[in-house]
Amino acid sequence: MIAARCQNTIARPSAVHGFGYWSGEDITVEFRPAPPNSGITFVRQDLGADARIPARTDLRAEVPRRTNLKWNHAQVEMVEHVLAALAGLHIDNCEVWVDRPEMPGCDGSALPFVEALQESGVVAQAAPARQLVVTESIRISDGECWIEAHPSEDEELSIEFQLDYPHNPRIGRQSVFCVVTPERFQYELAPCRTFILASEAEQLTRQGLGTRVTPQDLLVYDEQGPIDNPLRFANECARHKALDVLGDLALTGCDITGHIVAYRSSHRLNSALASLLVERFALEKTPLKISA
């Protein structure tokens, strides 16, 4: 049996301001402390304090390019970077208050959320973290894309992502391997930004989406590489995909021990793996409750 670490929350509230990539609306997200065993809960304060959506695998709404959650009449959108920041820092219990459906895009990474949470301070709580230990290998695939979970020989969470982007040789083939500790997450994954091809961005703009976004707000690739935005890592795109995996796996609500390997995986595949991991390996099968 792997010894469980203590659950964590934050010491005091902190906020992040920005605008939504999809909606273009100004958005404020505020992180607030939460009691032990409450998990991560999004609160749509524009709809009232009772509009609460827990971060759970069964509440995921299927949409392209991002992870949304829906419970009753309330929905939150593009939550993967916020969830990655919380999971990467081992923050188990937190209320995420937001005044619009969408999370702010900021610079396309999890770093602004990490910095706000570090400003709040992480504090231990008198309860063990919910554990999920991968004890046998499982795989989920969709055509050529797949994601796997394997037991960890070192009793840790590690993520390996293999990216193959034939539509743009400047992205091309990249890979990353990261053992996810709060320290390594902060420096190796959190700063890595989302990316999109210029042709895809133009198509979304024609649909009336992302009209406020510029190449300075995320990585937009043309044939020469990212437009007016230098890379933070040579393999930043692969690192961001690993960040997305971590955010989607946070929907398990557990401290995961295992080795995750993905090849061109999507949010849908990542979330499907999260659901299967809970079903097979979570030591506590009862999901975190939805509290009013």
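What follows is calculated from the coordinates using simple rules that are stated; it is not laboratory data. From a predicted model like this one, the values you see are computed outputs, not experimental measurements. All Cβ positions, even for glycine, are placed from backbone atoms using ideal geometry, and neighbour counts span all protein chains on display.
For the chain, what does the alpha-carbon gyration tensor say about shape, rounded, prolate or oblate, given a ≥ b ≥ c as the root eigenvalues, a/c under 1.5 as rounded, and a/b over b/c as prolate? Cα axes put the chain in the oblate bin. Convex hull volume of the Cα atoms of segment 6-129, normalised per residue: 97 Å³. Once the gyration tensor of the Cα atoms in segment 116-269 is diagonalised, the equivalent ellipsoid follows with semi-axes of 30, 20, 14 Å, ordered largest first. In the chain, helices alone account for a calculated mean residue ellipticity at 222 nm of -6000 deg cm²/dmol, with every DSSP H run of four or more residues adding -39,500 (n - 2.57). Among ALA87, ALA74, ALA129, the residue with the largest mean-square fluctuation in a Gaussian network model of the chain, with springs joining Cα atoms closer than 10 Å, is ALA74. With a ≥ b ≥ c the root eigenvalues of the C-alpha gyration tensor of segment 76-205, is it rounded (a/c under 1.5), prolate (a/b larger than b/c) or oblate? Cα axes put segment 76-205 in the oblate bin. For segment 34-86, the list of GluC sites (Glu not before Pro) that fall in a loop by DSSP and count at most 14 other C-beta atoms within 10 angstrom reads GLU62. Go ahead and set up a Gaussian network model of the chain, Cα springs under 10 Å, then flag whichever of ASN72, ASN168, ASN235 fluctuates most. Judging by the Gaussian network model, the answer is ASN72.
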